[in-house]
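This report refers to the structure that appears directly beneath it.
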Amino acid sequence: MAEDKFSAIIVGAGPAGSTAAYLLAGAGHDVLLIERGAAPGSKNMFGGRMYSHALNRLIPGFWEEAPVERPVVREIITFLSGGRSLSVNCGDDAWAQPPYHSFTLLRAEFDAWLASKAEEAGAMLACNISVDDLLYEDGKVVGIRAGEDEMFSDVVIAADGVNSVLAQKAGLARMFSAKQVATGIKMIVELPAQTISDRFQLRENEGAAQLFVGDCTKGMEGGGFLYTNKSCLSLGLVVNAADLAKGGVRAPDLMEDFKNHPVIAPLIEGGEVTEYSAHLIPEAGLAMTPRLFGDGILVCGDAAGFVLNLGYVVRGMDFAIGSGEAAAKTVIEARRRGDFSKAGLGAYEKLLRESFVMRDLEAFRKAPELLENRRMFGAYPEFATSLASELFTVDGTPPLHLFRKVFKHLGKSGMSATRIALDGLKGAAWL
Ligand SMILES: Cc1cc2nc3c(=O)[nH]c(=O)nc-3n(C[C@H](O)[C@H](O)[C@H](O)COP(=O)(O)OP(=O)(O)OC[C@H]3O[C@@H](n4cnc5c(N)ncnc54)[C@H](O)[C@@H]3O)c2cc1C
């Protein structure tokens, strides 16, 4: 065994890995945080908003020093169908006050800041290193291999994101299926801060999160997103990877159509596209969670499939931070007992179950199934937008009673009242 052995090697300086490193280093552990990108965040992208609660518990008032963009004070969901649109717009003054409910972020800056907190706490950050494999001794993980280099530790924390190579190498996870992940595509559109505030009816430094359902994914499972940052917009699409493969549509073409959609085009008008990126999202929830620990290894964040997409709420960052915290606490306790075996790390699952991570994932266990319902992406947007459009239309034709209007548009969207009632009951039971 090498002499320069670390207490913990953490692979991946995303929010899960940096949180674990920050807490472990703060507790006096010798921590090596390894990142394959040139800097933390350089390889990372997401839609755009982090719910604050998880980080605020660890670093109270983090927004005072973290590179956050705007606190989200306005939530908008827009249904798009055949030239019609219908938006639900919700605001809450409380979201604009500390402790802010959620912030839009840009990952390059935010991830770099969180990793710097881990470094300040004493962790060693090593970038530009891609970990290829795990090292074993008597069946227990004792370190990592990166190219020719071998590094040793009491425990390895796999925080290497979706499709975790390390969880697979450890025999804890299998390769996901295309049905279990979505492809996310995103562009950054630069605009003056005041233009953004004006277009989204925001006060200075306040932000909006807008999700889109319907035509933007051409009937495929998924949706669009738009988040307002200080002086740019994060605009993108998330589409189930199996649907995308079957649909025969190229992701860049889908994005181009979305960008030019009559509802989107005025929002980004005059802006300059400065970045384009793509990333996978684990979307099957607990159905794709691997075994979370083994001899000398723990898995957290996206590597453990901890993402929740409810259609109107997308969460992964707070789960990454919460599971990074649970991993760190597990290692601190294992060190106290001098036991990094599978049994010694078993407390990890218990800590996750006691935290919001497993509680919330369990509560919405069936949500991924609900989102597999194709009507959500075609028939419902069609029904909602055409009914709303008729309600607002005055054109001299004889008005129909509301019920007749409802049934007329139900018929046009190919659904029956019974179908809607059944979907409603299913949705209410799951959500
Ligand atoms: C399009 C899209 C939109 C999203 N929108 C939201 C949203 O609005 N809100 C939200 O909360 N969540 C959102 N998410 C999910 C969120 O981004 C993730 O849940 C979160 O980033 C998970 O953090 P993590 O630290 O587990 O993994 P990651 O952020 O993926 O970090 C993993 C790190 O490991 C590094 N790495 C990987 N392999 C290796 C290796 N072999 N060696 C060394 N380093 C390695 C990577 O470079 C990376 O830095 C979105 C995701 C996508 C793709």
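The values are calculated or read from the model by the stated rules, or taken from the named source; none is laboratory data. Computed from a predicted model, the values in this text were never measured in an experiment. Positions of Cβ are generated from backbone atoms using ideal geometry, with glycine treated the same way; all protein chains shown enter the neighbour counts. Each accessible area value is taken on the protein alone, full model and side chains, heavy atoms only, with ligands, DNA and RNA left out. Shrake-Rupley method; radii C 1.70, N 1.55, O 1.52, S 1.80 Å.
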Radius 15 Å from Cβ of residue 115, net charge of other residues (Lys, Arg +1; Asp, Glu -1): -3
Cα-based helix-to-principal-axis angle, 379-392 vs the chain, degrees rounded to 10: 40
Karplus (6.51, -1.76, 1.60) ³J(HN,Hα), θ = phi - 60°, over segment 311-327, in Hz, Gly and Pro reported as x: x, 9, 9, 10, 10, x, 5, 5, 5, 4, 5, x, 7, x, 5, 5, 5
Inter-probe distance in nm under a simple model that places probes 7 Å from Cα toward Cβ, at residue 428 and residue 39: 5.2
Total formal charge among the other residues, if their Cβ is under 14 angstrom from that of residue 276, Lys/Arg +1 and Asp/Glu -1: -2
For q = 0.10, 0.20 Å⁻¹, Debye-computed log10 I/I(0) when each Cα of segment 334-431 counts as one equal scatterer: -0.51, -1.00
Computed lengthening from residue 109 to residue 97, 0.36 nm per intervening residue step minus Cα-Cα distance: 2.0 nm
The chain: angle of helix 15-26 to the longest principal axis, Cα-based, in degrees nearest 10: 40
Amide proton proximity set for residue 33, modelled H, under 5 Å, gap of 5+: 10, 124, 125, 126
The chain - percent of accessible surface contributed by carbon and sulfur, probe 1.4 Å: 53
Cubic angstrom per residue, convex hull over Cα atoms of segment 49-149: 206
Relative contact order computed over segment 196-314 (Cα-Cα under 8 Å; 6+ residues apart), in percent: 16
Solvent-accessible surface (1.4 angstrom probe) belonging to residue 78, in square angstrom, nearest 10: 0
FRET efficiency for residue 145 and residue 124, using Cβ-Cβ distance with R0 set to 22 Å, rounded to 0.05: 0.80
Translational diffusion coefficient (Stokes-Einstein; Kirkwood radius from C-alpha pairs) of the chain at 10 °C, 1.306 mPa s, in µm²/s: 70
Gain in span if fully extended, residue 27 to residue 333, counting 0.36 nm per residue against the direct Cα distance: 109.1 nm
Helix 417-430 axis, angle to the chain major axis (alpha carbon atoms, nearest 10°): 20
At R0 = 35 Å, FRET efficiency that the Cβ-Cβ distance of residue 406 and residue 291 yields, to 0.05: 0.10
Sparse-neighbour loop sites [GluC sites (Glu not before Pro); segment 194-259; at most 12 other C-beta within 10 Å; DSSP]: 204
Charge sum, other residues only, whose C-beta stays under 10 Å from residue 221's C-beta, Lys/Arg counted +1 and Asp/Glu -1: -1
Taking N as its residue count, the alpha carbon Rg of segment 179-282 over 2.2 N^0.38 Å: 1.08
Estimated distance in nm for a label pair at residue 136 and residue 365, the labels positioned 7 Å out from Cα along Cα-to-Cβ: 3.1
Computed [θ] at 222 nm, deg cm²/dmol, the chain (DSSP H ≥ 4; -39,500 (n - 2.57); rounded to nearest 500): -10000 deg cm²/dmol
Accessible-area value, residue 359, 1.4 Å probe, nucleic acids and ligands omitted, Å²: 140
Of 83, 41, 214, the one that fluctuates the most in a GNM where the chain has Cα springs shorter than 10 Å: 83
Nonlocal amide H pairs with residue 212, under 5 Å, H built at 1.01 Å: 78, 224, 225
Projected-area average for segment 374-430 over all orientations - Cα convex hull basis, square nanometres: 4.3
Point-to-point label distance, residue 394-residue 177, nm (Cα→Cβ direction, 7 Å offset): 5.4
Neighbour cut-off at most 15 other Cβ (10 Å), DSSP loop, chymotrypsin sites (Phe, Trp or Tyr not before Pro), segment 224-283: none
Debye, to nearest 20: dipole size of segment 28-96, +1 on Lys, Arg Cβ, -1 on Asp, Glu Cβ: 380
Per DSSP, loop GluC sites (Glu not before Pro) in segment 1-102 with at most 14 further Cβ within 10 Å: 3, 65
Listed residues 74, 419, 107, most fluctuating in the chain (Gaussian network, C-alpha, under 10 Å): 419
Per residue accessible area of the chain, 1.4 Å probe, in Å²: 43
Relative contact order computed over the chain (Cα-Cα under 8 Å; 6+ residues apart), in percent: 20
Under the Karplus curve 6.51 cos²θ - 1.76 cosθ + 1.60, θ = phi - 60°, whole-Hz ³J(HN,Hα) for segment 222-228, x wherever Gly or Pro sits: x, x, x, 9, 8, 10, 8
